[in-house]
Amino acid sequence: MPHLISPSVLSCDFANIQRDVEMINNSSADWFHVDVMDGVFVPNISFGFPVVKAIKRHAKKPLDVHLMIENPDQYVEEFAKSGADILTVHYEACRHLHRTIQLIKANGMKAGVALNPHTSVSVLEDVIMDLDLVLIMSVNPGFGGQKFIQHTLSKVEQTKALISKTGSNAVLEVDGGVNTTTGAALIKAGADVLVAGSFVFNSENPTQTILDLKSM
């Protein structure tokens, strides 16, 4: 399939969220990537349920919600009510990962699992058939604008091989340090979805930047 672009609204202008949501609606982007941080799992705090609901009211494309939080199970139902279409949790934050995945699906959302840069792809072997999405972090989670970790390319190749070997339907997403250079390399390595935040919103023409990423 052609690769998808999921701009990260963590990098948008918080005072003009509706404006930036409309920009994404009118761009060639495919999803909205919404990062939720709790200040515990990662050293930063971001959007809560009211902001997710506000984005959903104006968004015309799926909400790709990435939870960087401890104990995600207790919030799954509320994120479903807030409008998440895809809900991704971190392997490192889930004590009973299979149960969490099933809970996400039971609440009508697609289920994703994210891996931090230090986490081996092998931990997904027993759940890959249950997943709709795998998110490989190419920076340490918590802040936008970080430098791309080059080892990510081999992790993407490993993940793509696991998906192919098992016949999983999971799409492969990458988040962190994505630009047209790293993005092209990631697509070649097997990425299906690219998350881009600061590269899009710090550019002079975000709509064109999204198109450039989409056209690679």
Report summary line: Residue set Lys214, Lys155, Lys110, Lys105; condition farther than 23 Å from Leu10 by Cβ and modelled with pLDDT of 95 or more; output residue Lys105
Report summary line: Over the stretch 176-216, the set of residues buried (at least 18 other Cβ atoms within 10 Å of the Cβ), closer than 14 Å to Ile24 by Cα, touching a Ser or Thr at 6+ places or on another chain (Cβ under 6 Å) and in contact (Cβ under 8 Å) with a residue 60 or more places away in the chain is Val195, Gly197, Val200, Phe201, Ile210
Query raised in the report: Pairs under 7 Å by beta carbon, first residue over 16 Å from Pro50 (Cα atoms) and free of Cβ contacts under 8 Å to residues at least 12 places away in the same chain in the stretch 64-91, partner surrounded by fewer than 20 Cβ atoms within 10 Å (Cβ to Cβ) and among the acidic types (Asp, Glu), six or more apart or different chains?
Result: none
Query raised in the report: Can you find even one residue in the stretch 125-145 that is surrounded by fewer than 23 Cβ atoms within 10 Å (Cβ to Cβ), in contact with an Asp or Glu (Cβ under 7 Å, 6 or more places away or on another chain), touching a residue at least 24 places away in the same chain (Cβ under 8 Å) and within 21 Å of Asp30 (Cα to Cα)?
Result: yes
Report summary line: Within the stretch 162-175, of all residues that are of a type in the set (Gly, Ala, Ser) and in contact (Cβ under 8 Å) with a residue 12 or more places away in the chain, the one surrounded by the fewest Cβ atoms within 10 Å (Cβ to Cβ) is Gly167
Requested in this report: Please tell me if Glu77 is more than 16 Å from Ala114 (Cβ to Cβ) and surrounded by fewer than 20 Cβ atoms within 10 Å (Cβ to Cβ).
Outcome: yes
Query raised in the report: Which condition breaks for Met37 when tested against (1) within 22 Å of Asn179 (Cβ to Cβ); (2) touching a residue at least 40 places away in the same chain (Cβ under 8 Å)?
Result: (1)
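The values are calculated or read from the model by the stated rules, or taken from the named source; none is laboratory data. Bear in mind the structure is a predicted one, so any value in this text is a computation, not a measurement. All Cβ positions, even for glycine, are placed from backbone atoms using ideal geometry, and neighbour counts span all protein chains on display.
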